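See structure below.
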Amino acid sequence: MNNEFNLQDYLANGVEIIIKDALRASLKNPKEILFLRRFSKHTKKANEIRQKYDENGQNIPAFLIASITSSCNLHCTGCYSRANNACSDDAPLNQLSGEEWGDIFNEAKDLGISFIVLAGGEPMLREDVILKASDFPEILFPIFTNGTMLDEDYLKLLDKHRNLVPILSIEGDEEVTDSRRGEGVYSKLVDSMELMKKNNIIFGASLTFTKDNLSTLLSDEYIEILHDFGCKVIFFIEYVPVNGETIELAPSDNERELLFNEINRLRKEYDDMLFLSFPGDEKTSGGCLAAGRGFFHINSHGGAEPCPASPYSDINVKDTSLLEALNSKLFKSLRDGGLLMDDHEGGCVLFENEDEVKKLLNE
């Protein structure tokens, strides 16, 4: 690891690049340009807030992942959340309320957090939380959704509040998508994309990639299909194994290098689209960015976790602040102990070292 590497600078520059690319991708959308110009000013202020914390020895990540519900209306094959019993058909009674999520968003704004990913389960089951998010134009909320619940009311909300950006999960073509998500889901996704294109609402796609499908998802043929649908943002999400039996599907450094090179090519060829990867290249970011180095996760019950792929927590934001959660014993042990910088075969370093994470949790 380069001793001169500065995580705060890396993340700040990353945020600026995202905004710059998003502006370029929105050249023909006046509402989106107006929002992004205003949001750009907010991100500069947020960066100044994070820098002040950094000067006092406290790193504040620019990103937060919020799983606002643990219920879902689909039963996708290989769903990580269901495999970990973090998702079900019915919502548990002890989930955070809309008011509690509103308080979390307000704390995040005060800390200088610029991006909050709304995830689930299916986040659009929680309209109350999404309405709370709409009250914070200082924060961009990508909503990772299966795309089956976009109705007229949601379209009006998305049109009015441009800080809410739906990111539709799609597996590939109709056959591949329906085989994993259920018959007819691809058709509903197409209907949702056409509605948003017709109403000039910026939306994106979330593509989960493995060793087997990355080249297909990166192909010009597939990107062109999404482009024609009106998709403006594409997230390439690394597959995290559900269990040890599927570890061979996890991307390795070879796939990450391919993704890095191809994303740079796609950014040049499709100047009206924004391409992002998660968690991104760990080598250029000095290791895994979980546990508050670059992002952290809050589950639907308020537990602060290093990452959705590492669902372990020793602190709950119902009882404490976001700042205290970032300094939890588990988070500090992960950041200071070197585990996040360990070499690993592929996929997620925390998944591969699950026993060590559990050991830290119980110390």
Probe 1.4 Å, all chains present, heavy atoms only: I33 accessible area in Å², nearest 10, is 30 Å²
Between the modelled labels at K332 and V176 (7 Å from Cα along Cα→Cβ) the distance in nm is 4.5 nm
Checked region 147-219 with the C-alpha gyration tensor, a ≥ b ≥ c its square-rooted eigenvalues, rounded below a/c of 1.5, otherwise prolate if a/b is larger than b/c and oblate if not; verdict prolate
Subtracting the Cα-Cα distance of H227 and N94 from 0.36 nm times their residue separation yields 43.8 nm
Result for region 113-245: accessible area per residue, probe 1.4 angstrom, in square angstrom, of 39 Å²
Taking R0 as 45 Å and r as the Cβ-Cβ distance between K160 and Y53, the FRET efficiency 1/(1 + (r/R0)^6), rounded to the nearest 0.05, comes to 0.90
By the Cα gyration tensor axes a ≥ b ≥ c (a/c under 1.5 gives rounded; else a/b larger than b/c gives prolate, otherwise oblate), the shape of region 195-343 is prolate
Quick note, region 32-78: a/c under 1.5 would make it rounded; otherwise a/b > b/c is prolate and the rest oblate (a ≥ b ≥ c, C-alpha gyration tensor); here it is oblate
Excluding residues fewer than 8 positions from K359 in its own chain, the aspartates and glutamates with Cα under 18 Å of it are E305, D314, D336, D342
Percent relative contact order for region 173-237, counting Cα pairs under 8 Å at least six residues apart, stands at 37 percent
Expected unfolding gain across E356-S134 under the 0.36 nm per residue rule, minus the alpha-carbon gap, is 76.0 nm
Over 29 Å (Cα to Cα) among K20/K329; K44/K160; K132/K188; K156/K318; K132/K232; K28/K268 -> K20/K329; K156/K318
Here the gain from full extension of N106 to E127, 0.36 nm per residue of separation minus their alpha-carbon distance, amounts to 5.8 nm
FRET efficiency (K44, I237; Cβ distance; R0 22 Å; to 0.05) is 0.20
Pseudo-spin-label distance E152 to S187, built 7 Å along Cα→Cβ, given in nm, is 2.2 nm
Whole-percent carbon and sulfur contribution to the accessible surface of region 191-276 (1.4 Å, no ligands, DNA or RNA) stands at 50 percent
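The values are calculated or read from the model by the stated rules, or taken from the named source; none is laboratory data. This structure is a prediction, so every number in the text was calculated from the model and none was measured. Using ideal geometry, Cβ is built from the backbone for each residue, glycine included, and neighbour counts are taken over all protein chains shown. Each accessible area value is taken on the protein alone, full model and side chains, heavy atoms only, with ligands, DNA and RNA left out. Shrake-Rupley method; radii C 1.70, N 1.55, O 1.52, S 1.80 Å.
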